[in-house]
1. Mind telling me which of the residues Ala137, Ala71, Ala127, Ala123 ends up being small (Gly, Ala, Ser), touching a Leu at 6+ places or on another chain (Cβ under 7 Å) and on the phi < 0 side of the Ramachandran plot?
2. Which of the residues belonging to region 126-139 are buried (at least 16 other Cβ atoms within 10 Å of the Cβ) and over 20 Å from Gly25 (Cα atoms)?
3. Identify, by number, the condition in (1) under 13 Å from Asp16 (Cβ atoms); (2) surrounded by 21 or more Cβ atoms within 10 Å (Cβ to Cβ) that Ile154 doesn't meet.
4. Provide a single number: the residues in region 25-56 that are closer than 14 Å to Val67 by Cβ, in contact (Cβ under 8 Å) with a residue 40 or more places away in the chain and either touching an Asp or Glu at 6+ places or on another chain (Cβ under 7 Å) or of a type in the set (S, T, N, Q) (or both).
5. Would you check which residues across region 1-34 are under 21 Å from Ile124 (Cα atoms), aliphatic (A, V, I, L, M) and either in a helix (DSSP H, G or I) or more than 17 Å from the chain's Cα centre (by Cα) (or both) and list them?
6. Under 13 Å from the mean Cα position of the chain (by Cα) and either at pLDDT below 95 or surrounded by fewer than 17 Cβ atoms within 10 Å (Cβ to Cβ) (or both): which single residue out of Val79, Val116, Val40 fits that description?
7. So for region 95-107 (the condition being buried (at least 21 other Cβ atoms within 10 Å of the Cβ), in contact (Cβ under 8 Å) with a residue 60 or more places away in the chain and of a type outside the set (A, V, I, L, M, F, W, C)), does at least one residue qualify?
8. Name the one entry in Arg37, Arg70, Arg62, Arg80 that is closer than 25 Å to Trp164 by Cβ and either among the basic types (Lys, Arg) or part of a loop (DSSP other than H, G, I, E, B) (or both).
Amino acid sequence: MKTEDRCKNVELILSDVDGVLTDGGLIYDNQGIEVKRFHVRDGLGIKLWRKGGFKFGVLTARTSHIVKLRASELGVDVVRQGFEEKLSIAHEVANELDLTTEQVCYIGDDLPDLPVMRSVGLAIAVADASEEILGAAHYVTKLPGGQGAVREAIETITKAKGLWGDLIRKYTGE
């Protein structure tokens, strides 16, 4: 099946956090507080995706308060933290939303993402993903994780659905 056809089926995007929504670096301040850097274009992309009537969620092996804050700020529908084994959680989320795995896109970068990527309708790897993830992907972004890769994925999917122009009309005035 062509990537464009896979995109047309997507109703839910699930994404890893570290290495996808961030550059994968872990930063701690002198008090041991974790700091993460998120890209603003990814955030707008998520908002546009949700404006289109679709769901977005994050699945991450780590647990971080800042992820909860960022997800809340963006209106993310699903936040699942602290799960190293992501496949069962991804299936659980799809079932809760009454979706098939063919309607799910997963964006990943490293080995814990591999089982999910092999089970969804559209598997996307960020440009700087591990070799195994790149090999399992239906689509590889041009941008690396934390640098707008999620926005690129959302643009790709919504363009395949013929929705991108409508979603950005507020900004383009067209």
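The values are calculated or read from the model by the stated rules, or taken from the named source; none is laboratory data. Remember, it's a predicted structure, so these values are computed and weren't measured experimentally. Backbone-built Cβ (ideal geometry, glycine too); neighbour counts: all protein chains shown.
1. Working: Ala137 fails: touching a Leu at 6+ places or on another chain (Cβ under 7 Å); Ala71 fails: touching a Leu at 6+ places or on another chain (Cβ under 7 Å); Ala123 fails: touching a Leu at 6+ places or on another chain (Cβ under 7 Å).
Result: Ala127 is the single residue among Ala137, Ala71, Ala127, Ala123 that is small (Gly, Ala, Ser), touching a Leu at 6+ places or on another chain (Cβ under 7 Å) and on the phi < 0 side of the Ramachandran plot.
2. Passing the criteria: Ala136, Ala137, His138, Tyr139.
3. (1)
4. So the answer is 2.
5. The initial filter retains those residues of region 1-34 that are under 21 Å from Ile124 (Cα atoms), namely 1-25.
Retained after the next criterion (residues that are aliphatic (A, V, I, L, M)): 1, 10, 12-14, 17, 20-21.
Scanning region 1-34 gives a single hit, Met1.
6. On the way: Val116 fails: either at pLDDT below 95 or surrounded by fewer than 17 Cβ atoms within 10 Å (Cβ to Cβ) (or both); Val40 fails: under 13 Å from the mean Cα position of the chain (by Cα).
That would be Val79, the only listed residue that is under 13 Å from the mean Cα position of the chain (by Cα) and either at pLDDT below 95 or surrounded by fewer than 17 Cβ atoms within 10 Å (Cβ to Cβ) (or both).
7. Yes, the conditions are met somewhere in region 95-107.
8. Working: Arg37 fails: closer than 25 Å to Trp164 by Cβ; Arg62 fails: closer than 25 Å to Trp164 by Cβ; Arg80 fails: closer than 25 Å to Trp164 by Cβ.
Being closer than 25 Å to Trp164 by Cβ and either among the basic types (Lys, Arg) or part of a loop (DSSP other than H, G, I, E, B) (or both) holds for just one of Arg37, Arg70, Arg62, Arg80, which is Arg70.
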